[in-house]
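Structure record follows, encoded as structure tokens.
The values are calculated or read from the model by the stated rules, or taken from the named source; none is laboratory data. Model, not experiment: these values are computed from the prediction. No Cβ is skipped: glycine too gets one built from the backbone with ideal geometry, and neighbour counts run over all protein chains shown.
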Amino acid sequence: EKVEITKEQQALMKVIADAYNRHQIPQDVAKKLLQDQYSAEENFLLLTEMATSQVQVLVEFTKNIPGFLSLNHEDQIALLKGSAVEAMFLRSAQVFSKKMPNGHNEVLEDRIRRSGISEEFMTPMFNFYKSIGVLHMVQEEQALLTAITILTPDRPYVKDQQAVERLQEPMLDLLRKLCVLQHPQKPQYFACLLGRLTELRTLNYYHAEMLTSWRMNDHKFTPLLCEIWDVE
Ligand SMILES: CC(C)c1onc(-c2c(Cl)cccc2Cl)c1COc1ccc(-c2ccc3[nH]c(C(=O)O)cc3c2)cc1
């Protein structure tokens, strides 16, 4: 049947896409990826700075999601803590697959590979990056998918799951329509995107292990990361 995006869905899309484009990590922080120190220690510190900057950006983006600030305050925190790693995988995946200035293509991959992460976590992580890259998502899809990830009702400690579902559902409906309109030749595209969200959840477990092994090697995180990841 003919898929139509309603006026209010267009308004929702604009709010989410503008917030996503407005809140990016500062270019001077992003450019640090291109500087040439490559020791494991320096890479870890740089990735820590990127993650801290990314969390700040994520909080600002989340505050722009219609209805988020009217949720119960503890639930707002539970949603941010529960989705931070997944949202950062989604965001860093956009950079991962983006063609960087020549000679810098695998810069993020190289730094992640040389930052004290053990081999067993590299495979699932880079498989995810590749599986996102091949989708060639447009900005609006990336923005909606990030908002949908943040508005996942069954995160730990969320009390009013229905209230979160009521915010997530319109986003899912809008993304479904967008996929049909943007990728008419790929009827399974929407299902594919939702499949990535499932793959993202498994990465949470690998990430928790990564944090533990970093801490065992006495790596330090910033106060913001300690708060969002409940470490130290
Ligand atoms: C604390 C650090 C070591 C860390 O722990 N886990 C992860 C970690 C890891 Cl590796 C993988 C996935 C998720 C996490 Cl959360 C990280 C590093 O996290 C990030 C690394 C890079 C970026 C990032 C995001 C957006 C960007 N834009 C640009 C740009 O050039 O515009 C560069 C860039 C980098 C975000 C998080």
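Observations on the structure shown:
- The one condition in (1) surrounded by fewer than 20 Cβ atoms within 10 Å (Cβ to Cβ); (2) in a helix (DSSP H, G or I); (3) within 15 Å of the chain's Cα centre (by Cα) that GLN24 fails to fulfil: (2)
- GLN76 falls short of the stated requirement of being part of a loop (DSSP other than H, G, I, E, B) and either more than 9 Å from the ligand (Cβ to nearest atom) or in contact (Cβ under 8 Å) with a residue 60 or more places away in the chain (or both).
- Residues located in segment 57-73, provided they are part of a helix (DSSP H, G or I), surrounded by 14 or more Cβ atoms within 10 Å (Cβ to Cβ) and away from the ligand (no atom under 11 Å from the Cβ): VAL59, PHE61, THR62, PHE68
- For TYR157, the requirement of being of a type in the set (Phe, Trp, Tyr) and surrounded by fewer than 14 Cβ atoms within 10 Å (Cβ to Cβ) is met.
- Pairs with Cβ under 7 Å, 6+ apart, first in segment 26-37 and farther than 14 Å from ALA51 by Cα, second modelled with pLDDT under 80 and not small (Gly, Ala, Ser): LEU34/HIS104
- Pairs linking a residue in segment 219-232 that is at positive phi to a residue that is loosely packed, with under 13 Cβ neighbours inside 10 Å and hydrophobic (A, V, I, L, M, F, W, C), with Cβ atoms under 8 Å and 6 or more positions apart or on different chains, are GLU232/CYS226.
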